[in-house]
Amino acid sequence: MKYLTEKEEKILLSTIREIKGKRADRDYTIIFLGLNTGLRCSEIIGLNVGDVRNREKVFVRPEIAKRAKARIDRKSTRLNSSHIPLSRMPSSA
């Protein structure tokens, strides 16, 4: 399995950060979560802002979790110290 190097991650995030538009913050947050948590793509897509905003852990609801088992994933230290733009996103995003 091939992984991105730290340099490649930074380039990817900075490229996404340069994109402007209505969904730019959402796109950045999705990629950032994918790189910094153990969540599956299908789980990230199924998250609501409230599952992540102002929380120390990410709650993965049973309806989006693999095998329909709810779980709580710790956000990584990198994620907790970052400034992902959840505060600017509407709750229904």
Return the pairs, sorted by first residue and then second, in which the second residue is of a type in the set (Phe, Trp, Tyr) and assigned to a strand (DSSP E or B), the first residue lies in region 49-63 and is closer than 18 Å to TYR28 by Cα, the beta carbons are less than 6 Å apart, and the residues are 6+ apart or on different chains. ASP51/PHE59
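Filtering region 4-56 down to residues that are among the polar types (S, T, N, Q) and either open to solvent by 70 Å² or more (accessible area, probe 1.4 Å) or over 11 Å from the mean Cα position of the chain (by Cα) (or both), which residue is modelled with the lowest pLDDT? Let's see the steps before the verdict.
Taking region 4-56 first, the residues among the polar types (S, T, N, Q) are 5, 14-15, 29, 36-37, 42, 48, 54.
Imposing the further condition that a residue be either open to solvent by 70 Å² or more (accessible area, probe 1.4 Å) or over 11 Å from the mean Cα position of the chain (by Cα) (or both) reduces the set to 5, 14-15, 42, 48, 54.
On the way: THR5: 93, SER14: 91, THR15: 92, SER42: 86, ASN48: 84, ASN54: 73.
Taking the candidates together, the pick is ASN54.
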Filter region 57-90 for residues that are in a loop (DSSP other than H, G, I, E, B), at pLDDT 70 or above and not basic (Lys, Arg); which is surrounded by the fewest Cβ atoms within 10 Å (Cβ to Cβ)? GLU63
Do we find that ILE30 is within 25 Å of ARG67 (Cβ to Cβ) and among the β-branched types (Val, Ile, Thr) in this structure? yes
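The values are calculated or read from the model by the stated rules, or taken from the named source; none is laboratory data. The structure displayed is predicted, hence computed values, not measured ones. Note: ideal-geometry Cβ built from the backbone for every residue, glycine included; neighbour counts use all protein chains shown. Calculation scope for accessible area: heavy atoms of the full protein, side chains included, ligands and nucleic acids excluded. Shrake-Rupley method; radii C 1.70, N 1.55, O 1.52, S 1.80 Å.
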